[in-house]
Every structure is written in C-alpha cells, then in structure tokens.
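S.K.: The structure under discussion is supplied below as structure tokens; questions concerning it will follow.
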Amino acid sequence: MLQARLRKTFAPKPDSAGFTLDVEFSATAGVTVLFGPSGAGKTLVLESIAGFIRPDEGRILLDDDILYDGAARVHLAPQQRNCGYVFQNYALFPHMTLRENLQFAAERRPRLERHRRVTEMLEKFRLVESAGRHPHEVSGGQRQRCSIARALIGAPKLLLLDEPATGLDAPLRQEFYEALRQVRSEFETPMLLVTHDLDECFELGEEMLVLHEGKIVQSGPPAAILDHPANLDVARILGSFNVLEAEIKTLDPGRNTSRLQVGEFELEGPYFPGHLKGDRVRIGIRPEQLTVHARNGRLDKNQLPGELLRAVETPRGVRLEFSNGIAAALSRASYEILRDNRDLVIQFPGESLRIL
Amino acid sequence: MAIDWFPLWLSLRVAVVSTGLAFAGGLWIAYLLANREFRGKDLLDAAVTLPLVLPPTVLGYYLLVLIGRASPIGKLWEEIFGSPLVFTWKAAVVAALLHALPLLVKSTRAALESVDRNYERAARNLGASEWKLFWRVTLPLARRSVLAATALAFARSLGDFGVTLMVAGNIPGRTQTIAVAIYDAVESGNGQVARVLVLVVSAVALLILTLANRLSPSRF
C-alpha cells in the first residue's frame, strides 16, 4: 500500500506562473487512477514517488518503507525505491533487444533467478518470438508489453504508469487495457495510473483521484465521481456538464424533494441537505442524463422548452445544443425520431439533479 | 628526391597516443560537466575550452613552465623515467593533447546531454547504478557522436605546429612532426618536399573528417 503526502512549490518565472503541488492520498491493491487535465501535476506526483524529483515536504510510505520524509530528511535514490515505472513513450533502451531490456532490469535479482525470470516474463507477455529484436523493429503492442514486463521483472511493490495509452490508436489502446487487466489478475502489484482520459478511468480504475491545479479535489470510484461531482471544477474536468443557475424555492426532507426555479421555469429535484430555501445554487447534469421529446401542448413536470441550435454527430450518437446553453446527448435512433420536429422539450430526470 | 617519412609516422603516433589520453580524460570531464553540479563547474568548463582560443605561443609558454626541467612535474618525470620530458616526442603528445581535449570534452558533453533523460530515469528506476547507467545506457546511446568527436580530435592533434615547436622543438628524426617538417622544408627552400607533405596531411585529414561525418547521424 502506498501512502503519500507531498508538497512542492515552483516559483513563478518570467515565462510561467508559479505552481504548487499539494496532495495527500493512498493507493491499495488494484488500479488507482490519477485523473486531471494537462498541467494539473499528475506526472509530478509519479516522479516524486519514483524519486526523480524531490518534494519540498511530506512523506511517502510504500508498505513499511519510507521512500521520502521531508522532516527526517529521507530521500531514497530511485534505484532503492522498487517502484516499476512505465513511461509515456515506454523508454525501452533502443540499442538493446527486448530480451536485453528485460535482462538489464533483471540484474538486481539473484544471479540464478535472472534467466528463469526473463524467460517467464517473455512468455507471460507473449514476447518470445520478438525477444531478439530491437524496440524499433517490433509492433507498438509488443513495445507496450515489453515496457510493462520490464517494469515488473524486479517484482516492484508498486507500478507507476504515466499516460501509457496517450496517443495510441483505438485497437492498440484496447490491447494495452487487456495487458493491464492481465497484470491486475496475475500480479498483486498495486498500480497508480496517470491519465487525462475519462474512458480510461472507467476501463481500468477501481479508485479515482481527480487532480486540479496541484490539488486532489475529489476521490472515489469513477462511477460515483461522475454521478456526484464534488464541485464545479470537478464537473468541468469531467467535461460537458450542463450547469444551470437556480434558486431553491422549497425543500422537503420528508418526501425527499425540492423545487428549483430555473429562469422562468420550475424543476423538481431531490432534497439537498445543507442548503436553505432561497439559496442561489448551480445545478449540474450530464448531457446523457437528459432526454428530448417533441412538444405537444403544455410542458409537463421537469420539462424545459428548447430551441435547437444544432445537432452534432459524435462517435456515440448525436449531441443536441439548445439556445439556452443546454446540451443533450442522444442515441442516433432516438434522434431519428425527433429529427423533423422544430419544437422540442428537454426532460430533466429530477433525481439526477446535483448541486455543484 | 628522397622524402623522409619519419615526420608522418611520428605525427600519427603522437596523434594516436594523445587522442587515447584525451578520450580517457575527456570522457571523465565531460561526464562530470554533463551530470554533476559542483563548485567551480563553470571555471572547469572555461579552463578546458581555453586552449581553443589562446595563441599557440601562450600555450607553449605555459607548458614549458608546467613541464619544463625546472618545474615539479618535469622533475618528477625525470626522477621516474630518467630523462627529461621536454624536447622529446612525448612532449609533442602533451602539446597535441592540449588541442584534442577541448574538442573531445565539448562534443562529448553535448552528446551525453542529448541522450533522452527518460532512458536514464528508466535505468535508475530499474536499479542501475550510475556506473552501469553510464556504460550501458548513456554512452552506447551517445556512441556515434562520441566517436565522431574522437575522430575530429585525432585530426586536430595531427596538425599542431606552434605548441609542438615550443615544447618538443624541431629535432629531425626525433621530435620533428609533419607540421614542423613542412615549415622546415619551406624555410630551407625544399618546395617539392613541402608540397608532398602538405598533400599527404590534407589527404589524411580529409579521410578522417569524412569518417567523422559518416558517424555523426545516429542510427536511433
């Protein structure tokens, strides 16, 4: 188990603003995803754990080993940390064959074990046939698997992965997820994966940490975070949330309901603990939680009229953008039914409304 | 016309030995400059570069002071080997070294620094000591540039004139290198010998530079 608390400040320079990384988290078995936009400090966290950079203060504990302790002036060299690291571009040594790459990494194991260990890893990661080739002579998938095998060969206590699937095409990405699932089931090594891809969090992550401007703003299972973004920042990082300004008209804890005034319309939501009648709040809802109907007559409960600005094709369906700033994501089939209607209503599922 | 080829062989011998010494010392200095932070790093960098810009006479003067028979180093040398260092072919090696070393250090440092830092991080992460990292990762990856720099240093140490003249002198058959021999031939009106030697030196240098250029583009 990894327990980390670290802080590092970069003073502002003429060409860049200052930056402070200040995080505290722990990671146990399975995959913990460190998610956030570029520049949030994700890679800095990995580099601090691996010992490539030295934090200003804090403490990093891996099982019973102290990797870093600012107060006690402990800062182990990267060589002594026993953390596997999969680099963004893999960093396989280009002048060595895949086998030599593994052998290089196996040299810290006892001499008798090395050969067996290399062979075992080559077999496990289906690299036997390409073992004699150099990294530039093998496929992207083989490079990927080799970099994971190389990181695991020393039996690390933790595997750090720095955006390893960024910039890969879709099949290679799936191959990579497959390899990581294999690691999860065959090795007990906890993994800390850095990514800015939300799909990847859902593919792999049991636990997700949302990093924003050097701070962890929310943590939990990916699905729970997507359902309940802790604040506006998280909603923005998760992407394309609809944000509505609203005023709370009534709150009823007994029936778990509330009434919200949105512009000239009213929505019914769940009870919002910790808020008072008359509060001005921001309501968040994801485009795929909304449904859209053709309008016939007057508005029903939790419906808002929508004047369609445009419909954008996306890989998953159609995204409708309305003049009041609301976006809804529909499947292609449900869009086909609506396509000739000019007069539409947006249906809000009351129980999914969240205050940001 | 009988041409004495001794100067050519002497020059080649001097160049081989001085390049070898410059390689061993230069690699070490380049490694320090590329990887370590220490007090006086800028000074060391400047001191190593100095021979590139100082006039040969100044360098020669310094060398005479440093390794002359009256200096501590000169005395120590005489103590150990029984004969003085100055005005022997070994002094010519020292003179050539002065030119080869800056070239080697400059280019080798740049070559070492141009190796992707992620390879070095990966090696450290995999438990490699700094020693293993240097010999098995950094140097092999910088290999071609380092070899090209070595070839350049060899060509340069073949052609020293001023410093060699001052510390090794112009003793035919003993310390007369090819550059000095050409000067000698021109001075004594022996134009044909000068022409042949000039052409030979140019051809050798051209050959080495072509080789160095071939080495330069990296395979990776």
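The values are calculated or read from the model by the stated rules, or taken from the named source; none is laboratory data. Bear in mind that the values here come from a model prediction, so they are computed numbers and not experimental data. No Cβ is skipped: glycine too gets one built from the backbone with ideal geometry, and neighbour counts run over all protein chains shown.
S.K.: Which count do you get for residues in segment A:40-62 that are exposed (fewer than 15 other Cβ atoms within 10 Å of the Cβ) and over 22 Å from residue B:124 (Cβ atoms)?
M.R.: 1
S.K.: Working carefully through the options B:21, B:50, find the one that is under 22 Å from residue B:91 (Cβ atoms) and in contact with a helix residue (DSSP H, G or I) (Cβ under 6 Å, 6 or more places away or on another chain).
M.R.: So the residue among B:21, B:50 that is under 22 Å from residue B:91 (Cβ atoms) and in contact with a helix residue (DSSP H, G or I) (Cβ under 6 Å, 6 or more places away or on another chain) is B:21.
Residues are listed down the side, and each one gets a yes or a no for (1) within 30 Å of residue A:61 (Cβ to Cβ); (2) free of Cβ contacts under 8 Å to residues at least 40 places away in the same chain; (3) not hydroxyl-bearing (Ser, Thr, Tyr):
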site	(1), (2), (3)
A:97	no, yes, no
A:140	no, yes, yes
A:147	yes, no, no
A:171	no, yes, yes
A:176	yes, yes, yes
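S.K.: A follow-up question, please. Based on what the data block shows, is residue A:98 of a type in the set (A, V, I, L, M) and surrounded by fewer than 20 Cβ atoms within 10 Å (Cβ to Cβ)?
M.R.: Here the answer is no, as residue A:98 does not meet what is asked.
S.K.: In the set A:90, A:68, which member is part of a strand (DSSP E or B), touching a residue at least 24 places away in the same chain (Cβ under 8 Å) and either assigned by TED's automatic domain parsing to the domain that holds residue A:168 or surrounded by 19 or more Cβ atoms within 10 Å (Cβ to Cβ) (or both)?
M.R.: A:68
S.K.: Please state which one of B:46, B:111, B:142 is closer than 17 Å to residue B:29 by Cα and free of Cβ contacts under 8 Å to residues at least 12 places away in the same chain.
M.R.: Selected residue: B:46, the only one of B:46, B:111, B:142 that is closer than 17 Å to residue B:29 by Cα and free of Cβ contacts under 8 Å to residues at least 12 places away in the same chain.
S.K.: Which residue, of A:32, A:28, is assigned by TED's automatic domain parsing to the domain that holds residue A:166, closer than 23 Å to residue A:157 by Cβ, surrounded by 14 or more Cβ atoms within 10 Å (Cβ to Cβ) and not small (Gly, Ala, Ser)?
M.R.: A:32
S.K.: State whether the residues of segment B:185-192 include one that is out of contact with any His (no Cβ under 8 Å at 6 or more places or on another chain) and of a type in the set (Val, Ile, Thr).
M.R.: So far as segment B:185-192 goes, yes, one or more of its residues are out of contact with any His (no Cβ under 8 Å at 6 or more places or on another chain) and of a type in the set (Val, Ile, Thr).
S.K.: Got a sec? Which helices (runs of 4 or more DSSP H) wholly within segment A:134-215 have at least 2 residues that are in the same structural domain as residue A:81 (by TED's automatic domain parsing) and farther than 23 Å from residue A:234 by Cα?
M.R.: Counting at least 2 such residues, we get A:140-152, A:170-186.
S.K.: Does segment A:262-277 include one or more residues that are surrounded by 14 or more Cβ atoms within 10 Å (Cβ to Cβ) and in contact with a His (Cβ under 9 Å, 6 or more places away or on another chain)?
M.R.: no
S.K.: Could you tell me whether residue A:85 is on the phi < 0 side of the Ramachandran plot, in contact (Cβ under 8 Å) with a residue 12 or more places away in the chain, within 11 Å of chain B (Cβ to nearest Cβ) and in a strand (DSSP E or B)?
M.R.: Spelling it out, residue A:85 is indeed on the phi < 0 side of the Ramachandran plot, in contact (Cβ under 8 Å) with a residue 12 or more places away in the chain, within 11 Å of chain B (Cβ to nearest Cβ) and in a strand (DSSP E or B).
S.K.: Return a yes/no flag: does segment B:67-77 have any residue that is within 25 Å of residue B:148 (Cα to Cα), assigned to a helix (DSSP H, G or I) and modelled with pLDDT of 90 or more.
M.R.: No: segment B:67-77 contains no residue that is within 25 Å of residue B:148 (Cα to Cα), assigned to a helix (DSSP H, G or I) and modelled with pLDDT of 90 or more.
S.K.: Restricting the first residue to segment B:1-15 and requiring it to be among the aromatic types (Phe, Trp, Tyr), which pairs with a second residue that is modelled with pLDDT under 95 meet a Cβ separation below 7 Å and a spacing of at least six or different chains?
M.R.: B:6/B:173
S.K.: When residues of segment A:93-122 are filtered for being assigned to a loop (DSSP other than H, G, I, E, B) and either among the aromatic types (Phe, Trp, Tyr) or at the interface with chain B (Cβ under 8 Å from one of its Cβ atoms) (or both), how many remain?
M.R.: Adding up the residues that qualify gives 5.
S.K.: For segment B:116-189, which helices (runs of 4 or more DSSP H) that fit wholly inside it have 1 or more residues that are within 14 Å of another protein chain (Cβ to nearest Cβ) and more than 25 Å from the chain's Cα centre (by Cα)?
M.R.: Filter on segment B:116-189 gives B:117-125, B:130-133.
S.K.: Before we move on, is residue A:73 farther than 17 Å from residue A:136 by Cα, within 9 Å of chain B (Cβ to nearest Cβ) and basic (Lys, Arg)?
M.R.: Taking the combined requirement at face value, the residue does not satisfy it.
S.K.: What number of residues within segment A:62-89 satisfy the criterion of being within 25 Å of residue A:147 (Cα to Cα), among the aliphatic types (A, V, I, L, M) and out of contact with any Cys (no Cβ under 9 Å at 6 or more places or on another chain)?
M.R.: 3
Every residue, every condition in (1) touching a helix residue (DSSP H, G or I) at 6+ places or on another chain (Cβ under 9 Å); (2) hydroxyl-bearing (Ser, Thr, Tyr); (3) buried (at least 19 other Cβ atoms within 10 Å of the Cβ); (4) part of a loop (DSSP other than H, G, I, E, B), yes or no:
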{"residue": "A:224", "(1), (2), (3), (4)": "no, no, no, no"}
{"residue": "A:246", "(1), (2), (3), (4)": "no, no, yes, no"}
{"residue": "A:297", "(1), (2), (3), (4)": "no, no, no, yes"}
{"residue": "A:307", "(1), (2), (3), (4)": "no, no, no, no"}
{"residue": "A:312", "(1), (2), (3), (4)": "no, no, no, no"}
{"residue": "A:320", "(1), (2), (3), (4)": "yes, no, yes, no"}
